[in-house]
Every structure is written in C-alpha cells, then in structure tokens.
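A short write-up of the structure that comes next.
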Amino acid sequence: MNDLIKNIDNIHTTELGAERIKKNLQIDENDVVAWCKACILNKDTAIERIGKNWYATTGQYKITVNANSYTIITAHITKK
C-alpha cells in the first residue's frame, strides 16, 4: 500500500480547487473530495509519485494530489 492510500483520510482540497475539479472533469458532484477519493481507491486506478505530487489515473480521469499536504491540486480528463 502506498502513502497516498495510507493517507486517504487526509486528502482534501480548497473551495476554489473543488470548483476547478468540477469544471475540468465536467462533473456535477456536491462532494468532490469524496468523488476523488473513490476514484483513488478504485482497484483499477494506477497511482504513481513523480516529484512532489501523486498522480492517480483511472478510466478517463487523472487526479493530482500534493504528496506533502494531501491537497487535491487538480484533475483532468485524459485523452485516449
């Protein structure tokens, strides 16, 4: 188990971050953090740490989380 999964309860974002994530992912979720956590915990999610960030990629979504603060920085729809 990697540190991102071990610290799943510490994952959070800012109000502006939540709005940015909703816009980037084109989702209409009230609890963006819970939605992102569910994606991160999905058994098919690929998780890697590059530098200061964790990257969780599942399906068409890629979520970026700061490795020190566990803040969701952004998320994007990946192009396949």
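Couple of notes before you dig in:
- Residue count, the range 27-80 (criterion: part of a loop (DSSP other than H, G, I, E, B), at negative phi and within 11 Å of the chain's Cα centre (by Cα)): 1
- Subset of the range 9-26 [open to solvent by less than 40 Å² (accessible area, probe 1.4 Å) and either under 10 Å from the mean Cα position of the chain (by Cα) or among the polar types (S, T, N, Q) (or both)]: Ile11, Thr13, Ile21
- Residues being of a type outside the set (Asp, Glu) and in contact with a Ser or Thr (Cβ under 7 Å, 6 or more places away or on another chain) - total across the range 19-60: 15
- Of all residues making up the range 27-42, the number that are modelled with pLDDT of 95 or more, more than 13 Å from Ile8 (Cβ to Cβ) and open to solvent by 60 Å² or more (accessible area, probe 1.4 Å): 1
- Pairs where the first residue, in the range 57-80, is closer than 15 Å to Cys39 by Cα and the second is surrounded by fewer than 17 Cβ atoms within 10 Å (Cβ to Cβ) and hydrophobic (A, V, I, L, M, F, W, C), C-beta under 6 Å, 6+ apart: Thr57/Ala46; Gln60/Ile77
- The range 19-55, residues that are in contact (Cβ under 8 Å) with a residue 12 or more places away in the chain and more than 19 Å from Leu4 (Cα to Cα): Arg20, Asn24, Leu25, Gln26
The values are calculated or read from the model by the stated rules, or taken from the named source; none is laboratory data. Because the structure is predicted, anything quoted here is derived from the model rather than measured. Using ideal geometry, Cβ is built from the backbone for each residue, glycine included, and neighbour counts are taken over all protein chains shown. These area figures cover heavy atoms from the full protein model, side chains too; ligands, DNA and RNA do not enter into them. Shrake-Rupley method; radii C 1.70, N 1.55, O 1.52, S 1.80 Å.
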